[in-house]
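Everything on this sheet refers to the single structure shown next.
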Amino acid sequence: MARLTPENTQRAREVIALYPKARSALIPVLHIAQEQDGYLTGEAMTHVAELVGLDAAEVRGTATFYDMLFTEPVGKYLLSICTNIACLLNGG
């Protein structure tokens with residue numbers, strides 16, 4: 001798939017309507033796009049940019065910044081190891 005499906009586009013518009021500024025809904029809408037394909041395709045990020053009124057580069061920059069958003073296909077199982085100080089203090 002490339003762009004969001006009509007159903008996911010409607011979901012995205014409903015999420016965007018919850019925020020005073022459309023750009024504030026960027027991460028929740030990216031989660032919808034990722035849920036659709038398993039990762040964020042370039043076309044999906046472009047479509048999300050159109051929906052929230054940002055440049056595609058801004059959307060890609062946000063997507064690559066966060067560890068929970070994937071810009072490449074991932075396997076069936078994903079193993080994450082927390083190396084944050086909070087995890088280390090709790091015995092992780």
> Can you list the equivalent-ellipsoid semi-axes of segment 1-55, largest first and in whole Å, using the square root of 5 times each Cα gyration tensor eigenvalue?
Replying inline: 17, 11, 9
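As a test of the formula, what do you get for the chain when each DSSP H run with n ≥ 4 contributes -39,500 (n - 2.57) and the sum is divided by the residue count, at 222 nm and rounded to the nearest 500 deg cm²/dmol? Walk me through the numbers before you get to the answer.
Details: 5 runs with 49 residues, N = 92.
Calculated mean residue ellipticity at 222 nm is -15500 deg cm²/dmol.
Quick check for you: with a 1.4 Å probe and neighbouring chains kept, what is the accessible area per residue of the chain, in Å²?
Each residue of the chain exposes 67 Å² on average to a 1.4 Å probe.
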> Applying the Karplus parametrisation 6.51 cos²θ - 1.76 cosθ + 1.60 with θ = phi - 60° to the phi angles of segment 15-32, what ³J(HN,Hα) value in whole Hz is obtained for each residue in order, glycine and proline being reported as x?
Replying inline: 5, 4, 5, 6, 10, x, 10, 4, 5, 5, 8, 4, 5, x, 6, 4, 5, 4
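DSSP loop (so not H, G, I, E, B), at most 13 other Cβ within 10 Å: list which chymotrypsin sites (Phe, Trp or Tyr not before Pro) in the chain pass both filters.
Working: sites: Tyr39, Phe65, Tyr66, Phe70, Tyr77; in loops: Tyr39, Tyr66, Phe70, Tyr77.
Within the chain, the qualifying chymotrypsin sites (Phe, Trp or Tyr not before Pro) (loop, at most 13 other Cβ atoms within 10 Å) are Tyr66, Tyr77.
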>> Can you pull out the trypsin sites (Lys or Arg not before Pro) in segment 16-91 whose DSSP state is coil and whose Cβ has at most 11 other Cβ atoms within 10 Å?
In response: Lys21, Lys76
> Does anyone have the angle between helix 56-65 and the longest principal axis of the chain? Alpha-carbon axes, 0 to 90°, nearest 10?
Replying inline: 20 degrees
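Would you please give the FRET efficiency between Glu50 and Ser80, computed as 1/(1 + (r/R0)^6) with r the Cβ-Cβ distance and R0 = 30 Å, to the nearest 0.05? Write out the running numbers ahead of the final one.
Details: r = 31 Å, r/R0 = 1.03.
Using R0 = 30 Å, I get an efficiency of 0.45.
Distances longer than 24 Å among the Cα atoms of the chain: what percent of all pairs is that?
On the way: 1125 of 4186 pairs.
For the chain, the share of Cα pairs beyond 24 Å comes to 27 percent.
The values are calculated or read from the model by the stated rules, or taken from the named source; none is laboratory data. Worth saying up front: this structure is predicted, and the values here are computed from it rather than measured. So basically every Cβ, Gly included, is an ideal-geometry build from the backbone, and we count neighbours across all protein chains shown. These area figures cover heavy atoms from the full protein model, side chains too; ligands, DNA and RNA do not enter into them. Shrake-Rupley method; radii C 1.70, N 1.55, O 1.52, S 1.80 Å.
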